Amino acid sequence: MRDTETGLSSSSGTEPANNTVTVTIYKADSQCETLIAEKVVLPQHRLLVRVVGKAIEQATSANFDIAGYRVNLDRQRQVATVDLRLNPNTGRQFVSLSFCEQFALFGSLRQTLTDNPNWQIEEVRFTQLGKEIIF
């Protein structure tokens, strides 16, 4: 069985407070040595997409802009694929990210998705427009 969800890195609209959940999102510390857990409250509707968006939002910078993403969850294999789309006007590509930027983006997404027991994700893959991102 496959679940596919899509979203942009920011969402709009409001949800009633009783339709929210607290989830843990990880972000890199200031020295890029470890990931720090942060509790956030998000709407339950399309939670996986919102969690990915929040993690991306925390890991991107002004000169590196992710315009959107898709999340494909293969429950049977316990694999999540995050397909990222760069803003066409961004001056940088994934291969130009420093170690710290890679850790902040990919490390935080991987830890955030695999650490949540409700999703039962064992592996996270990253693609750009369907092609695997390789460093």
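A few notes on this one:
- Only one entry in 92, 110 is in contact with a Phe, Trp or Tyr (Cβ under 9 Å, 6 or more places away or on another chain) and modelled with pLDDT under 95, namely 92.
- The residues of segment 81-107 that are farther than 18 Å from residue 70 by Cβ and in a helix (DSSP H, G or I), listed by number, are 95, 96, 99, 100, 101, 102, 103, 104, 107.
- Considering only residues in segment 54-68 that are assigned to a strand (DSSP E or B) and of a type in the set (A, V, I, L, M, F, W, C), the one that is farthest from residue 125 (Cα to Cα) turns out to be 64.
- Which listed residue is under 9 Å from the mean Cα position of the chain (by Cα), outside any helix (DSSP H, G or I) and within 17 Å of residue 106 (Cβ to Cβ), from 71, 51: 71
- Scanning segment 51-67 for residues that are charged (D, E, K, R) and surrounded by 21 or more Cβ atoms within 10 Å (Cβ to Cβ) gives a single hit, 54.
- Of the set (1) surrounded by 15 or more Cβ atoms within 10 Å (Cβ to Cβ); (2) touching an Asp or Glu at 6+ places or on another chain (Cβ under 9 Å); (3) at pLDDT below 90; (4) farther than 25 Å from residue 19 by Cα, all apply to residue 126 but (3).
- Condition check for residue 99: under 17 Å from residue 30 (Cα atoms) and surrounded by 18 or more Cβ atoms within 10 Å (Cβ to Cβ): no
The values are calculated or read from the model by the stated rules, or taken from the named source; none is laboratory data. The structure displayed is predicted, hence computed values, not measured ones. Glycine gets a Cβ as well: all are built from the backbone with ideal geometry, and neighbour counts include every protein chain shown.
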